[in-house]
Amino acid sequence: GAGTWGERAVMASRLLPSLRVVSLDATGTLIHIPRGVGYHYYKAALRFGIPSRLGAEERVRLGIAECAAEQEGDEMCQKHGDAFSTGFFKAWREMCREHPNFGAGTRERNEVPSEAAGASMGATRSQNGAELDRREMAGSIAASEWWLRVVKRSFAHTGWPMQVTEPVIDGGLFEWVWDEFASNRTWSLYDDAVPFLQEAKRRGLHVMVLSNNDERLDETLQSVGLRSLLDHVVVSRSERAEKPSKEIFEAALSRYSGIQVWHPNIECFFIVHIFWLVK
């Protein structure tokens, strides 16, 4: 149909008087990375001086100029970034298969730990001054560890020698990338994101983000200025369930347990979920 996805969603709210809740995906729907993931990975490599650690033959093979530095022109950065993006998505898909849901797994795949294991984890957490999440499950890895492996594999799949890159990644590059990818230095809003959210709120709709993502998403949405327009941010890693499973939608709906989100004259309710399908 005509119009942006935002206009069509508002039209749907007119046609469905029983509509109470709109949930939206984040990446590719409200926010995006204009230059692509790979651009920022290559800039990180320059920032931490990886090209200068490579031999002449390696630089020629990778097409990197001998004088490559952080100030390298955007055109060249974009060229190398495109190669990094290919390596990144290969690494990302591998990690999704090996450690689903950003390392947390899902309720279907993971087993609940025994009392002894839970007590052990609780003791470790208590030493760090943090409370054991009641949803902690066996076999999970931290989101930071999950992304660390993605970064290392991205460099490897792009053809950069791991004996050179891994010490640099462990020595500060990863922490820098971790922070960059939670901020508005990397992410940008789509032009119609704020107008849509404002109009949805004006019409009395409850609006949340529901995303297959990790807990940093809340920080990212704060950074780009969207968080105040959202009731809730629900991410798959925290819920141990990924879209399109019903469990994550039930978890999202539970956020409105104190609010009537259904039409008083019918038994069911409508929730619209808006997302961009990446093939």
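The values are calculated or read from the model by the stated rules, or taken from the named source; none is laboratory data. All figures in this text were calculated on a predicted structure; none of them were measured in a lab. Here Cβ is always computed from backbone atoms with ideal geometry, including for glycine, and neighbour counts include all displayed protein chains. Side chains are part of the model used for accessible areas, which takes the heavy atoms of the whole protein and leaves out ligands, DNA and RNA. Shrake-Rupley method; radii C 1.70, N 1.55, O 1.52, S 1.80 Å.
Here are some notes:
- Residue under evaluation A193, criteria (1) touching a Lys or Arg at 6+ places or on another chain (Cβ under 8 Å); (2) open to solvent by less than 30 Å² (accessible area, probe 1.4 Å), criterion not met: (1)
- Flag set for V37, criterion: surrounded by 17 or more Cβ atoms within 10 Å (Cβ to Cβ), modelled with pLDDT of 95 or more and under 25 Å from A193 (Cα atoms).
- Residues located in the range 18-34, provided they are open to solvent by 30 Å² or more (accessible area, probe 1.4 Å) and in a strand (DSSP E or B): R20, T27, H32
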